[in-house]
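Please treat every number below as a calculation from the coordinates, not as lab data. Keep in mind it's a predicted model, so treat the numbers as computed, not measured. Glycine also receives a Cβ, built like all others from the backbone with ideal geometry; neighbour counts cover every protein chain displayed.
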Amino acid sequence: MAVLEGTLVRCNRLFPTGSYGFSGGVIQIASMTYSTPTTLAISASTYTNLPYSISFTPKRSGNKFLIYTRWCGEVVEGWNTTFCLDRNGTKIGNTHTDGLKNPGIAVPVMSYAAAASNNDSTPEACQFWFSDSPNTSSTLTYTPVIRSSAAQTFRINRTWTDSNTSSFERMISGMIVLEVSQ
């Protein structure tokens, strides 16, 4: 039986044993939506936390966490940009450095082929998931992180010029975290 508590859903088991490579079930779900149109300056080759995150306290140490993240907005050099996660101040998700490469979990996806040359009104999006095993019962805070090889201004939930016309979209970003018992 599930009990709704604000943005947390608590239940005994959401997935049957063995589903999705886990032996236990989902015991807690936390979600959040970020809808504020935001402009963020990012430095070259530097991890920059996005202005939204999700925090919760695990039910048990040793559980795994599935983090689903969605960013919508616009970035000038999407082809040189990657996303990963921050957990309590530590970057996670392919954050190794290997020469000049830009490490990460995922890259922004352009909405159509010619979008790379349209930095005014054509949004990009990035959706990714990550499985984490922090082995703690202390409060966890997950934050999406962006990294680009070029210093630039990054848009969240808005297009570059953000004009009030039908061809300039407004989107929302957000996160969902599932705590999975082992």
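Quick notes on this one:
- Environment charge of ARG87, counting only residues whose C-beta is closer than 14 Å and scoring Lys/Arg +1, Asp/Glu -1: -1
- Positive contributions from Lys and Arg (+1) and negative ones from Asp and Glu (-1), summed over other residues with Cβ under 11 Å from the Cβ of LEU178, come out at -1.
- Charge tally in the Cβ shell below 9 Å around ARG158, where Lys, Arg are +1 and Asp, Glu are -1, ARG158 excluded: -1
- Here LYS91 is the anchor, and the aspartates and glutamates within straight C-alpha reach of less than 20 Å, apart from those fewer than 8 places off in the same chain, are ASP132, GLU179.
- If the chain linking SER163 and ALA41 were pulled fully straight, counting 0.36 nm for each residue of separation and taking away their Cα-Cα distance, it would gain 41.9 nm.
- Fully extending the segment from GLN182 to SER133, taken as 0.36 nm per residue of separation minus the present Cα-Cα distance, adds 16.6 nm.
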